[in-house]
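Below is one structure, written out as structure tokens; comments come after it.
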Amino acid sequence: CCRTLGIEYDELSAHRAVYDAKVLLGVWEAMETKLLNTDINYKHKDLNLLTSDKVVLNARPTHITCYAKNQQGLKDLFKIISESNITYFKEVPRVPRFLIEKYRENLIIGSACSNSEIFDISMTKSEEETIKAMEFYDFIEVQPPLCSINLVNDGSISSFEKLQNVIKDIINAAKKAKKLVVATSDCHYVNKEDKVFRDVYVFAKGLKGARHPLNPFSRDKMKYYDNPEQHFRTTKEMLDEFDFLNDEELAKEIVITNTNLLADMFEKVEPLKD
């Protein structure tokens, strides 16, 4: 946004709130100039009315998991994927929330990983706001802390203990929101030793020098650290990963009981007809 508007801003490698404030001020001043040059005098409360279909193309996307609950849900999911690749494509396929809501009846929506709005809100805002955001989802996901260790390594979260606390907060908020909490492994490959192949993918440069989200330019200036462990974990491994909850029954609930409850929500689906 700053580059688009031609605003000078500080190097953000040492991330502090003052930098965010300075950048946002610069963006606002540029927007204010454009508004004052129009024939209409807007009030602050009217700014939310200035929307466009292009907003979704410039917004910062977050992750969800979207499952087809039945055969019709699979057809609906294909429609969503087509729209995301044609109408809403911007660097990556994007899906506006209203499109999910349009086909919601035959879909099951999960809150995804540390790239989700739930994780972000829980990490930065109040429990009340987290509970409010959870209303959109059919179930809330939590992953082993090692799946998000990059947030500690890059300084986004101050410590491993803080990361564990964020996960605990999500579970507590979901309980209050009466949402099913499911432990998922955020699996990107099957075997633990397959991580080397994902590392190659993460560190590879894309078109025009594009970089994987786990390998931002700021990482070049940091001490080397490993990428997250995102293999397909066994039940025992998942239970071990959630030892930090200090609640064996809760760990079994989110790893075993609730995963089976979720599985029972699905009808038989045939991706390809015989």
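Counted over the chain, the DSSP beta bridges are approximately 45% antiparallel. Rounded to whole numbers, the Karplus 3J(HN,Hα) couplings from phi for region 159-167 are 7, 5, 5, 5, 4, 4, 5, 4, 5 Hz, using 6.51 cos²θ - 1.76 cosθ + 1.60 with θ = phi - 60°, and x at Gly and Pro. Once C-alpha pairs closer than 8 Å and six or more residues apart are averaged by separation and normalised to the residue number of the chain, the relative contact order reads 16 percent. Rolling a 1.4 Å probe over the protein heavy atoms of region 162-274, with every protein chain left in place, gives an accessible area that is 55 percent carbon and sulfur.
For a test of the definition: using alpha carbon positions, the gyration tensor, and the 1.5 limit on a/c, classify region 148-274 as rounded, prolate or oblate. Oblate, since a/c reaches 1.5 and b/c is not below a/b.
Based on the Cβ-Cβ distance from LEU207 to PHE98, what FRET efficiency comes out when R0 is 41 Å, to the nearest 0.05?
The value I calculate is 0.85.
In the chain, with Lys and Arg counted as +1 and Asp and Glu as -1 at Cβ, which of these residues, LEU214, LEU77, VAL27, has the Cα nearest the positive end of the dipole, that is, farthest along it? So the residue we want is VAL27. If you take all other residues with their beta carbon under 11 Å from the beta carbon of GLN143, and give Lys and Arg +1 and Asp and Glu -1, the sum is -3. Note that region 73-82 has calculated 3J(HN,Hα) couplings of x, 5, 5, 5, 5, 4, 5, 4, 5, 4 Hz, one per residue in order, obtained from phi through the Karplus relation 6.51 cos²θ - 1.76 cosθ + 1.60 (θ = phi - 60°); glycine and proline are x.
Counting 0.36 nm for each residue step from MET265 to LYS125 and taking away their Cα separation leaves a gain of 47.3 nm. Other residues with beta-carbon under 13 Å from the beta-carbon of TYR189 carry, at +1 per Lys or Arg and -1 per Asp or Glu, a net charge of -1. In the context of the full set of protein chains, residues of region 91-148 present 43 Å² of accessible surface per residue (probe radius 1.4 Å, heavy atoms only). Taking other residues whose beta carbon is less than 13 angstrom from the beta carbon of THR234, and scoring Lys, Arg as +1 and Asp, Glu as -1, yields 0. For THR65, the residues whose modelled amide H falls within less than 5 Å of its own, excluding neighbours fewer than 5 places apart on the same chain, are GLY110, SER111, ALA112.
Put a dot 7 Å past the Cα of LYS75, heading toward its Cβ, do the same for LEU35, and the two dots end up 4.6 nm apart.
With an a/c value of 1.5 or above and a/b not larger than b/c for the gyration tensor axes a ≥ b ≥ c computed over the alpha-carbon atoms, region 230-270 is described as oblate. One decimal place: the segment LEU24-LYS192 gains 56.3 nm when fully extended, by the rule 0.36 nm per residue minus the C-alpha distance. With a Cα cut-off of under 26 Å and a minimum spacing of 8 residues unless on different chains, the lysine pairs in region 72-134 number 6. Residues LYS179, LYS132 ordered from highest to lowest accessible area at a 1.4 Å probe: LYS132, LYS179.
If we sort 110-120, 233-243 on the protection proxy, mean other Cβ atoms within 10 Å, highest first, what's the order?
110-120, 233-243
With all protein chains kept in place, the per residue accessible area of region 189-249 amounts to 72 square angstrom at a probe of 1.4 angstrom. Subtracting the Cα-Cα distance of ASN172 and LYS273 from their residue separation scaled by 0.36 nm leaves 32.1 nm.
The values are calculated or read from the model by the stated rules, or taken from the named source; none is laboratory data. All values reported here derive from a predicted model rather than from experimental measurement. So basically every Cβ, Gly included, is an ideal-geometry build from the backbone, and we count neighbours across all protein chains shown. To get the accessible areas, we keep the full protein, side chains included, count just its heavy atoms, and leave off ligands, DNA and RNA. Shrake-Rupley method; radii C 1.70, N 1.55, O 1.52, S 1.80 Å.
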